[in-house]
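The values are calculated or read from the model by the stated rules, or taken from the named source; none is laboratory data. Note that the structure is predicted; figures quoted are calculated from it, not measured. Note that we place each Cβ from the backbone using ideal geometry, even for glycine, and neighbour counts take in every protein chain shown.
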Amino acid sequence: MKKIMSMSLISVLVIILVLSGCSNSNSSSSTTSNSKEFTYWYPWGGDSEKWDKERIADYEKEEGMKVNAVYVPDGITNGKLLSAISGGNPPDLVLGDGNDYQLAYSLAAQGALEPLDKYLEKAGFDENTVLEGFHDVMKQPDGKTYILPQDSNVNLLYYNVDMFEAAGLDPDNPPKTIEELDKAAEALTKLKDDGSFDTLGFIPWIDAGEDPYTWPWAFGADMFDTEANKVTLNEEPMIESLKWMDSYAVKYNPEKIKSFTSGFGGAFSPDHPFMTGKVAMTVNGNWFANALKIYSPDTKYKVAPIPSPPGGRENATVFGTNVFFVPKGAKNPQAAINFALYGNQDKVLAGNINIWRSISIWKEKSDAIKWDNDSVYETVLNVAASPNSGHPALTSVAGEMGDELTSIRDAVIYNHEDPAKLLQKSQDKLKETLEKK
Amino acid sequence: MNIQKRILRNGLLFISPWIIGFLCFTAYPMVSSLYYSLTEYNLISEPNFIGFDNYKQLLFEDDLFLTVLGNTMYMIIVGLTITTVVTIMIAILLNTKNIKGMSFFRIVFFIPTLVPFVVLAILWIWVLQPDSGVVNSILGFFGIDGPGWFSSPKWAKPGLILMTIWMSGNMILIYLAALGDIPKSLYEAASIDGANVLRKVFHITLPGLRPAILFNSITGMIGVFQSFAEAFIITDGGPDNSTLFYSLYLYRNAFQYFNMGYASAQAWILLIIALIMTMTFFKLSKRWGFED
């Protein structure tokens, strides 16, 4: 009996050891032993996943490589990546989607990413061929490159042509300044007899306006001084942007607005307030043009750059950039970068760009992109090439900052609190957090 | 080796999968989180020991700590009380013996607990949609202008409470079982004495349900402390931080800001609060004669 028990215990232990041994050797062989192989984490399912898999298959065929592609939704935001890095078995390449570039930048600032310069150089990359607007996100203050953009998205002002005409506004002359925007919004807003909304001209904090950086950026706020490594939330443009949002909250009850504009299905359903005609103007990404084509083909709309106040950022946007990066400890960074540089070429991205009107990061435009004579894409390119466009809050406290700004905005629009006081408090708090990181 | 030792050893061997699992996946992480709570740790660099700074910051400097604690307490005090009252009422109704097809209704009330949490959350975004959701449409039918629910800082938490009640089939089930345990003779005696329904409920049913109420309250309270998914999916803590609950704030610190040390300290404070509240519950229940 005794023997049987100890034998079985020993055999269980042996099996566990063997199994764990296997799993280790498996995972390491997939990344180290073969330079023709690397692991790639991509963030999307659905059509984008299908598209990415085609890109991978083409690359494997052309280059004779093997790409171990793994679908990791929210890979950066849910800690999987950090666990993989600290566990010593990170992927070779990660693609962060448009909302994640700040986190990627923050990871680089905290030393979790591999500098790419030597691999980029070896692959023959020249950073001067990339649009100026992307240089900020690529480099850290130490001058090294940690992030390689794949492609990007911009935000635009969408406005309803029929509603403009009905309100006596000129659809060929969209608002350029905040003052003009407010006037147009006023003219386009219609109330029912009982005082409830029939249509709203414009609401600052829906769609892309909900992003905590969209309006402060347009107003000229910097939020973070990368050179001095300093949080600069409590600045005049930031205060102005919040006060301006509050002016809408004072005029129309924000709870009522949110109730009125909250549809069942978001931007990819015919229930979006711009598509149903509940809102006459909204700020949204370039991809929204295609959503309109699919779900609301009868909506007559035009686009314009996001309006800005005097002294703000004219013709500007906050980019939504998809970024490649290599975690520290990656086994095959060169292969990863080679693939990334293959994957961000215009001809490879054309399939996507020609549907969603996203933008390539390259200065020189290729023939693969088929948006000649498209007025929306013209504005997209115009905004993307603007020196005022960029990536705000490139700092290791970007995550905290975004949540802080959202809470401040809510406190201002729901309770009409004094933005300067809240901003100063947040600035102090973030400064402290920054020092610890 | 004598027989007792052998029995002990065999027993330990048989239970060893659990012991190993407990040591590796519960005890070790708990102890290490206690250590990390005394450090600054972002998963990448080595943890940096800072003593009780995390606790000091959390308890005395972090404004959001009071907000999240307040939100969580609201859900326990207001939410759990309402849920308890409503579920007991439903259980009493479902316990009626003379109506045919009662088992059908019992199933109806239990079904929502079988739906995955994420699906429930998304479903309730629709149900409580301010403009055209079911609830506000029904309210509108009676001429009531329904609130903004998840769009409103005042109504977001009540919206979540409504959702909690809808999915508390488990609680109802436990109350039903407890109701079955109350001797019929008590009701018969009360009837003979001429007691009406309300008297029976307050003097027989509720006292008989005490152990079940205690159990449901404690598990419910722990459930509220852990509640995360609803707020994460439906409101992401907003509007105006009105649904930023303790666990959600802890998650943000751990997995969005990568302040593991701070998040560990938060977790330990949460444990202490839950412990104190559970002990208070037990104490109070003894004083109120809940002891069985």
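With respect to B:ILE174, is the statement that it is away from chain A (no Cβ under 14 Å), at pLDDT 90 or above and under 19 Å from B:PRO239 (Cα atoms) true?
The answer is no for B:ILE174.
Quick one: which residue in A:LYS302, A:LYS258 is within 20 Å of A:THR214 (Cβ to Cβ) and part of a strand (DSSP E or B)?
A:LYS302
Failed condition for A:THR433, given (1) within 23 Å of B:TYR249 (Cα to Cα); (2) in contact (Cβ under 8 Å) with a residue 60 or more places away in the chain; (3) hydroxyl-bearing (Ser, Thr, Tyr), with all others met?
Looking at each condition in turn, A:THR433 falls short on (2).
What pairs come up if the first residue lies in region B:266-289 and is among the aromatic types (Phe, Trp, Tyr), the second is not in a helix (DSSP H, G or I), and their beta carbons are under 6 Å apart, counting only those six or more places apart or on different chains?
Taking only residues 6 or more apart or on different chains, the pairs are B:TRP268/B:SER37.
Only one of B:LEU198, B:LEU120, B:LEU186 is in the same structural domain as B:ILE90 (by TED's automatic domain parsing) and farther than 22 Å from B:ILE92 by Cβ; which?
It is B:LEU120.
Name the residue, out of B:TRP149, B:TRP155, that is within 14 Å of another protein chain (Cβ to nearest Cβ), closer than 28 Å to B:ILE111 by Cβ and without any contact (Cβ under 8 Å) to a residue 12 or more places away in the chain.
B:TRP155
Checking the structure you have, find out if any residue of region A:388-397 is surrounded by fewer than 19 Cβ atoms within 10 Å (Cβ to Cβ) and farther than 26 Å from A:SER308 by Cα.
No, there is no match, as no residue in region A:388-397 is surrounded by fewer than 19 Cβ atoms within 10 Å (Cβ to Cβ) and farther than 26 Å from A:SER308 by Cα.
Within region A:398-437, can you find the residues that are outside any helix (DSSP H, G or I) and under 26 Å from the mean Cα position of the chain (by Cα)?
The one that is outside any helix (DSSP H, G or I) and under 26 Å from the mean Cα position of the chain (by Cα): A:LYS437.
Touching a His at 6+ places or on another chain (Cβ under 7 Å) and modelled with pLDDT of 90 or more: is that true of A:TYR101 in this structure?
When the stated conditions are applied, A:TYR101 passes them.
Mind telling me which of the residues A:THR379, A:THR317, A:THR299, A:THR406 ends up being hydroxyl-bearing (Ser, Thr, Tyr), touching a Pro at 6+ places or on another chain (Cβ under 7 Å) and more than 14 Å from every other protein chain (Cβ to nearest Cβ)?
It is A:THR379.
Can you name every residue in region A:319-329 that is crowded, with 24+ Cβ neighbours inside 10 Å and of a type in the set (A, V, I, L, M, F, W, C)?
Result: A:PHE319, A:VAL323, A:PHE325, A:VAL326.
Please specify each residue of region A:409-428 satisfying the condition of being more than 8 Å from chain B (Cβ to nearest Cβ) and buried (at least 21 other Cβ atoms within 10 Å of the Cβ).
Result: A:ARG409, A:VAL412, A:ILE413, A:PRO419, A:LEU422, A:LEU423, A:SER426.
For A:ILE337, indicate whether it is assigned by TED's automatic domain parsing to the domain that holds A:LYS139 and under 20 Å from A:TRP287 (Cβ atoms).
no
Would you pick out the residues in region B:242-287 that are at the interface with chain A (Cβ under 10 Å from one of its Cβ atoms) and of a type in the set (S, T, N, Q)?
Across region B:242-287, the qualifying residues are B:SER242, B:ASN253, B:GLN256, B:ASN259.
For a quick check of your reading: which helices (runs of 4 or more DSSP H) sit entirely within region B:1-80 and have at least 2 residues that are basic (Lys, Arg) and within 13 Å of chain A (Cβ to nearest Cβ)?
Fully inside region B:1-80 and qualifying: B:3-22.
Return the only residue of A:MET223, A:MET238 being within 24 Å of the chain's Cα centre (by Cα) and at positive phi.
A:MET223
For region A:253-276, name all the residues that are surrounded by fewer than 21 Cβ atoms within 10 Å (Cβ to Cβ), away from chain B (no Cβ under 11 Å) and either in contact with a strand residue (DSSP E or B) (Cβ under 7 Å, 6 or more places away or on another chain) or hydrophobic (A, V, I, L, M, F, W, C) (or both).
Passing the criteria: A:ALA267, A:PHE268.
Going through region A:173-188 one residue at a time, which ones are without any contact (Cβ under 8 Å) to a residue 60 or more places away in the chain and not in a helix (DSSP H, G or I)?
Result: A:ASN173, single match.
Hey, can you tell me all the residues within region B:113-125 that are within 14 Å of another protein chain (Cβ to nearest Cβ) and of a type in the set (Phe, Trp, Tyr)?
B:TRP124
So which pairs qualify, if the first residue must be in region A:365-378 and closer than 16 Å to A:ALA289 by Cα, the second must be among the aliphatic types (A, V, I, L, M) and surrounded by 10 or more Cβ atoms within 10 Å (Cβ to Cβ), the Cβ gap must be under 7 Å, and the two must be at least 6 apart or on different chains?
A:VAL376/A:ALA289; A:VAL376/A:VAL303
In region B:126-146, which residues are facing chain A (nearest Cβ under 8 Å) and either modelled with pLDDT of 90 or more or more than 28 Å from the chain's Cα centre (by Cα) (or both)?
Once the filter is applied, which keeps residues that are facing chain A (nearest Cβ under 8 Å) and either modelled with pLDDT of 90 or more or more than 28 Å from the chain's Cα centre (by Cα) (or both), region B:126-146 yields B:ASP131, B:SER132.
Test A:LYS347 against the stated conditions and say whether it is basic (Lys, Arg), in the same structural domain as A:LEU113 (by TED's automatic domain parsing) and not in a loop (DSSP other than H, G, I, E, B).
So A:LYS347 fits the description; yes.
I'd like the full set of residues that are surrounded by 15 or more Cβ atoms within 10 Å (Cβ to Cβ) and within 24 Å of B:TRP149 (Cα to Cα), limited to region B:91-122.
Of everything in region B:91-122, those that are surrounded by 15 or more Cβ atoms within 10 Å (Cβ to Cβ) and within 24 Å of B:TRP149 (Cα to Cα) turn out to be B:PHE109, B:PRO112, B:THR113, B:LEU120, B:ALA121.
List the helices (runs of 4 or more DSSP H) inside region B:92-141, counting only whole elements, that have at least 3 residues being in contact with a Leu (Cβ under 7 Å, 6 or more places away or on another chain) and of a type outside the set (Val, Ile, Thr).
In region B:92-141, B:102-110 are the helices (runs of 4 or more DSSP H) which contain 3 or more residues that are in contact with a Leu (Cβ under 7 Å, 6 or more places away or on another chain) and of a type outside the set (Val, Ile, Thr).
Of everything in region A:195-227, what is part of a loop (DSSP other than H, G, I, E, B), over 30 Å from A:ASN160 (Cβ atoms) and either at pLDDT 90 or above or polar (S, T, N, Q) (or both)? Give them in sequence order.
A:ASP222, A:THR226
Answer yes if at least one residue in region B:211-219 is in contact (Cβ under 8 Å) with a residue 60 or more places away in the chain, within 14 Å of another protein chain (Cβ to nearest Cβ), among the aliphatic types (A, V, I, L, M) and at negative phi, and no otherwise.
No, region B:211-219 contains no residue that is in contact (Cβ under 8 Å) with a residue 60 or more places away in the chain, within 14 Å of another protein chain (Cβ to nearest Cβ), among the aliphatic types (A, V, I, L, M) and at negative phi.
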